[in-house]
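The values are calculated or read from the model by the stated rules, or taken from the named source; none is laboratory data. What you see is a predicted model; the values in this text were computed from it and never measured. FYI the Cβ positions are ideal-geometry reconstructions off the backbone, even for glycines, and counts take in every protein chain you see.
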Amino acid sequence: MEPLVVVDKHTGERLGELPVADAAAVAAATRRARAAFPAWSATPAHRRAAILRAASERLGAHADELARLIARESGKALKYASAEVARAAETFGFAADEARRIHGETVPMDASAAGEGRLGFWLRMPVGVVAAITPFNFPLNLVAHKVAPALAAGDTVVLKPAERTPLSAVRLAELLAESGLPAGALELVHGEGPLTGEALCTDPVPAMVSFTGSPAVGRRILALAGLKRVTLELGNNSATIVEPDADLDKAVPRCVMSAFANAGQVCLSLQRLYVHEEIADAFAERFVAAAATLQVGNPLDPACDVGPMISTAAAERAEAWVEEALAAGARRLLGGRREDALFWPTVLTGVTPAMKVMCQEVFAPVVSIVPYARFEDALDAAGTSDYGLQAGIYTRDLDKALQAVRRLDVGGVMINDTAIFRADHMPYGGNRGSGLGREGVRFAVEEMTSLRMVVIAPS
Ligand code: NAD
């Protein structure tokens with residue numbers, strides 16, 4: 001079989017090649033992970049924690065090397081790639097903490113007449129082998145969000161990183177081995193989703209599939225996984241509401257970053273911006289002025305804000321959606337320019353809810369500004385989405401903020417921030433079209449463990 005060739009997304013230069021895993025190679029990997037499970041799950045928590053802590057420190061020590069690798073294999077601007085490495089180190093640090101506090105609870109058995117005289121408690125047990133499948137847009141930290149909690153919980157892992165950005169995961173596996181992780185506790189398999197990913201989801205060994213990626217693939221995985229436990233972290237078309245009392249000095253630069261970081265290829269990228277009509281013109285003017293100063297180009301340039309998208313095809317698709325919106329009556333306030341995979345920050349207004357740039361996940365540096373008159377209408381519009389990952393609202397009015405918390409069917413509401421905010425220990429995940437289950441280390445550990453009830457009757 002042809003090897004998987006990984007290229008620099010800005011220069012096209014070949015960065016490396018990896019063997020592709022077919023179903024037989026995937027089965028061999030899952031068998032190795034299953035063979036490693038008894039010893040790893042029996043490894044004392046303090047020892048697992050020490051290995052995860054050592055891995056966190058190694059990630060920190062190799063931060064520059066890893067940031068350059070992420071920038072090259074994914075096209076992410078170096079400053080955001082550096083932030084990703086720092087986050088991955090922190091994710092492993094949280095997992096080291098979490099490994100030490102996984103525990104069960106006692107159950108008051110005599111609350112039922114049936115339980116009189118019995119002692120009951122439950123334990124949290126590792127599920128076994130976790131199949132982890134990850135996307136291209138955070139090739140290190142989204143791998144960390146699966147591998148670190150699984151290892152903390154005592155599970156072993158077979159990871160299939162995104163085929164366009166697998167090299168940071170390969171480097172992470174090396175750093176984990178140097179940190180003392182035993183052979184087989186983390187296995188990597190490489191290749192395209194339909195071949196390698198599907199073989200992993202249908203292999204009988206994994207007890208769980210932990211997936212982050214697009215909604216279409218999430219649905220396919222759910223159909224394939226049978227009775228395996230499944231968590232799905234899928235897409236979004238994030239909305240943020242800006243009320244007239246917002247502090248625009250803070251809100252404007254934050255919204256600009258939220259729309260264009262990583263060329264808009266963030267599951268939480270700001271896509272729908274609802275701005276009260278009293279401030280909409282002033283907001284749009286300042287937003288466009290700030291967005292126009294962003295540096296587009298070589299991701300390794302420390303001044304770069306927006307690197308290339310993952311592929312020319314992805315940028316062409318975004319361009320087509322923008323053109324379609326313009327043809328249907330939208331107005332362009334900025335951008336629309338494309339050169340190969342580079343797509344310049346693009347701001348639209350005059351959009352309608354039916355346009356793809358509004359109702360689907362654009363996953364590109366494209367944002368739409370929609371003025372509104374009544375707060376309730378903004379809430380309705382923000383909530384009209386098949387997705388439900390996170391939303392943001394800028395207001396100093398506590399009642400309005402809490403109304404948004406109650407009304408929006410999402411996994412997280414960020415007040416006085418955009419939808420993009422995430423710290424790696426908070427519960428994170430979506431409702432409805434945005435997925436099933438939660439990540440954030442403690443919450444991923446909960447997903448990756450099962451409860452075992454123990455009842456002791458008098459002998
Ligand atoms: P993708 O769904 O194309 O690919 C993700 C992974 O799934 C890759 O490893 C791919 O090889 C694999 N895959 C593809 N087809 C498969 C199949 N049939 N069976 C098994 N595996 C298969 O997604 P992408 O383009 O890499 O990433 C972008 C998407 O990920 C966006 O929708 C984005 O919103 C989402 N995302 C979500 C989160 C989150 O936490 N909610 C975070 C980042 C990205």
Selection from the stretch 264-300 of residues that are more than 16 Å from the ligand (Cβ to nearest atom) and in contact with a Phe, Trp or Tyr (Cβ under 7 Å, 6 or more places away or on another chain): 274, 275, 276, 277, 291, 294, 296
task: Residue by residue through the stretch 195-241, note down the ones that are in contact with a Gly (Cβ under 7 Å, 6 or more places away or on another chain), of a type outside the set (A, V, I, L, M) and near the ligand (Cβ under 8 Å from one of its atoms).
output: 211, 214, 215, 218, 233, 236
query: Residues in the stretch 176-188: is at least one within 15 Å of the ligand (Cβ to nearest atom) and either among the β-branched types (Val, Ile, Thr) or not assigned by TED's automatic domain parsing to the domain that holds residue 62 (or both)?
result: no
- request: Name every residue in the stretch 28-43 that is over 13 Å from residue 181 (Cα atoms) and surrounded by fewer than 16 Cβ atoms within 10 Å (Cβ to Cβ), in order of residue number.
  value: 28, 35, 38, 42
- line: Checked 101, 47 against criteria (out of contact with any Cys (no Cβ under 6 Å at 6 or more places or on another chain) and in a helix (DSSP H, G or I)); the one match is 47
- request: Within the stretch 240-259, identify whether any single residue is closer than 23 Å to residue 147 by Cβ and not small (Gly, Ala, Ser), and answer yes or no.
  value: no
query: Restricting attention to the stretch 111-139, which residues are in a loop (DSSP other than H, G, I, E, B) and within 12 Å of the ligand (Cβ to nearest atom)?
result: 134, 135, 136, 137, 138, 139
- request: With the checklist (1) out of contact with any Asp or Glu (no Cβ under 9 Å at 6 or more places or on another chain); (2) surrounded by fewer than 21 Cβ atoms within 10 Å (Cβ to Cβ) in hand, flag the one item residue 224 doesn't pass.
  value: (1)
From the options 181, 227, 234, 186, residue that is more than 19 Å from the chain's Cα centre (by Cα) and under 28 Å from residue 266 (Cβ atoms): 186
field: Restricting the stretch 352-374 to residues that are over 18 Å from residue 256 (Cβ atoms) and surrounded by 20 or more Cβ atoms within 10 Å (Cβ to Cβ), the residue that is farthest from the ligand (Cβ to nearest atom)
entry: 372
- line: Among 105, 98, 90, the single one that is away from the ligand (no atom under 16 Å from the Cβ) and more than 21 Å from the chain's Cα centre (by Cα) is 105
message: Which condition from (1) away from the ligand (no atom under 12 Å from the Cβ); (2) in the same structural domain as residue 114 (by TED's automatic domain parsing) is the one that residue 437 breaks?
response: (1)
- line: Residue pairs within 8 Å by beta carbon, gap of at least six or interchain, first lying in the stretch 408-436 and farther than 25 Å from residue 229 by Cα, second of a type in the set (S, T, N, Q) and part of a loop (DSSP other than H, G, I, E, B), listed first then second, are 415/395; 416/395; 418/238; 419/236; 419/238; 420/238; 420/269
- prompt: How about the stretch 95-136: which of its residues are of a type in the set (Gly, Ala, Ser) and in contact (Cβ under 8 Å) with a residue 12 or more places away in the chain?
  reply: 95, 96, 99, 104, 115, 117, 120, 128, 131, 132
statement: Expected output for the stretch 176-197 (first residue among the β-branched types (Val, Ile, Thr), partner surrounded by fewer than 20 Cβ atoms within 10 Å (Cβ to Cβ) and not in a helix (DSSP H, G or I), Cβ below 7 Å, 6+ apart or cross-chain) is 196/20
- prompt: So which residues in the stretch 379-403 are surrounded by fewer than 24 Cβ atoms within 10 Å (Cβ to Cβ) and hydrophobic (A, V, I, L, M, F, W, C)?
  reply: 379, 381, 398, 401, 402
- prompt: Would you pick out the residues in the stretch 257-294 that are without any contact (Cβ under 8 Å) to a residue 60 or more places away in the chain and not polar (S, T, N, Q)?
  reply: 278, 279, 281, 282, 285, 286, 288, 289, 290, 291, 292, 294
- prompt: Which residue pairs have Cβ atoms under 8 Å apart, sit 6 or more places apart or on different chains, and have a first residue in the stretch 68-94 that is on the phi > 0 side of the Ramachandran plot and a second that is surrounded by fewer than 23 Cβ atoms within 10 Å (Cβ to Cβ) and assigned to a helix (DSSP H, G or I)?
  reply: none
statement: Residue set 334, 270; condition at pLDDT 95 or above and under 23 Å from residue 384 (Cα atoms); output residue 270
- request: Only one of these is more than 16 Å from the chain's Cα centre (by Cα), at pLDDT 95 or above and among the aliphatic types (A, V, I, L, M): 144, 148, 113. Name it.
  value: 113
task: Among the residues of the stretch 345-378, write down those that are closer than 22 Å to residue 235 by Cα and free of Cβ contacts under 8 Å to residues at least 60 places away in the same chain.
output: 346, 348, 351, 352, 353, 354, 355, 356
- prompt: Has the stretch 157-175 got at least one residue that is under 29 Å from residue 124 (Cα atoms), surrounded by 24 or more Cβ atoms within 10 Å (Cβ to Cβ) and more than 13 Å from the ligand (Cβ to nearest atom)?
  reply: yes
